[in-house]
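Peer 1: So that we are looking at the same thing, I have put the structure below in structure tokens.
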Amino acid sequence: AEQRAVSARARAITSRLVLIVLRDITEQERVEQMRRDFVANTSHELKTPVGAVGLLAEAVDSAADDPGQVREFARRLEREADRLASLTSRIMSLSRLQTEEPTTLRDVAVDDLIAAQIDAHAAQADSAGVRVMRGGDRGAFVHGDLPVLGEALGNLLANAIAYSPSGSHVGVGVKIEGRVVEIAVADQGIGIDESDQERVFERFYRADQARSRRTGGTGLGLAIVKHAVQRHGGEVRLWSQPGRGSTFTVRLPLAPPPTHRAGRAARRS
Ligand code: ADP
């Protein structure tokens, strides 16, 4: 009877091991599949602007006798080149976020983070005729990767401005709630259909309205936001109503203010 119990236990252990190994393989396969999809999507997205650059270069060549046309094609070439540059830089960001571990974590003052991004988007807001306003709680800190968080907030702000009509407002609000800080970017823009709301965080996904409104987008901004926030142990939520506006809310774990922590460490030693 004892022998039977031992062999039953051995069988149980073996089957558990097999299960763990299998789970590991599926995880590996999933990551591998994600990488393959990413490369496939990326190549597909790069083909259009690369093709356009080739065609425009040919057009410039054959319009050599007409300076007006040459200038027009040159302008379009520049636009395509800009688009390629922003596409590649976003692809790099996303691929870094999907593979590398965070490197330099530090105390990030949420107030400074927001001020820097509002500054960086002042020109875009000006030319769109959109007013950006900052409100809510002050003094929040998070422990994080400053450039990554800056890029995430910057993408939300850039979208809020880009998908808003002239004369409207974009609000950046902060709420400290227990151990979480919420940063909300709210606009009064075109909004997002309910059927698109889940999907806008997927890479290269663009809602139809946006596609017809503006060709400049890459469809990578929100995928970067999602990965950046998740990497910091946070989450991003979306509320939107077509024609009324959208609010993206980023929730991040709050860090104690650095001076407070330094003081406590000093007292302890
Ligand atoms: P894009 O470069 O196209 O803006 P994103 O990943 O940043 O790519 O956004 C994906 C899509 O989500 C956009 O194409 C647009 O359809 C929609 N979207 C994002 N932000 C907003 C917003 N603030 N208002 C309306 N639609 C938005």
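The values are calculated or read from the model by the stated rules, or taken from the named source; none is laboratory data. Predicted, not measured: the structure shown is a model, and the values here were computed from it. When we count neighbours, we look across all protein chains shown, and the Cβ atoms used for this are built from the backbone with ideal geometry, even at glycine. Just so you know, the surface numbers come from the protein's heavy atoms only, side chains and all, with ligands and any DNA or RNA stripped out. Shrake-Rupley method; radii C 1.70, N 1.55, O 1.52, S 1.80 Å.
Peer 1: Using a 1.4 Å probe on the protein heavy atoms, what percent of the accessible area of the range 54-171 belongs to carbon and sulfur?
Peer 2: After summing per-atom areas, the C and S share lands at 52 percent.
Peer 1: Under 5 Å between amide H atoms, partner at least 5 residues away or on a different chain: which partners does VAL180 have, H built in plane at 1.01 Å?
Peer 2: LEU254
Peer 1: Taking the Cα of ARG96, stepping 7 Å toward and past its beta carbon, and measuring to each backbone N in the range 147-187: which are under 18 Å?
Peer 2: 147-156
Peer 1: Now for a different question. If you take the beta carbon distance between ALA1 and ARG23 as r and set R0 to 25 Å, what does 1/(1 + (r/R0)^6) give as a FRET efficiency, to the nearest 0.05?
Peer 2: Plugging the Cβ-Cβ distance into 1/(1 + (r/R0)^6) gives 0.15.
Peer 1: A further question on this structure: What value, in deg cm²/dmol to 500, does the helix sum -39500 (n - 2.57) over DSSP H runs of n ≥ 4 give at 222 nm once divided by the residues of the chain?
Peer 2: The helix contribution divided over the chain gives -20000 deg cm²/dmol.
Peer 1: Accessible area per residue for the range 156-207 in Å², computed with a 1.4 Å probe and the full protein assembly in place, what is it?
Peer 2: Here the residues of the range 156-207 average 44 Å² of exposed surface.
Peer 1: Considering only the other residues whose Cβ falls under 11 Å of the Cβ of ALA57, what net charge follows from Lys and Arg at +1 and Asp and Glu at -1? Could you put the intermediate results ahead of the total?
Peer 2: Working: positive: ARG76; negative: GLU58, ASP61, GLU80.
My count for the surroundings of ALA57 gives -2.
Peer 1: Between ALA59 and ASP37, what is the FRET efficiency for a Förster distance of 22 Å, r being their Cβ-Cβ separation, to the nearest 0.05?
Peer 2: After rounding, the FRET efficiency stands at 0.05.
Peer 1: For a label point 7 angstrom out from the Cα of SER89 toward its Cβ, which stretches of the range 108-152 have the backbone nitrogen within less than 12 Å?
Peer 2: 151
Peer 1: Hydropathy at least -0.5 by Kyte-Doolittle, axial extent at least 20 angstrom from the Cα trace: which helices of the chain, defined as entire DSSP H runs, fit?
Peer 2: Span-like helices here: 2-62, 146-162.
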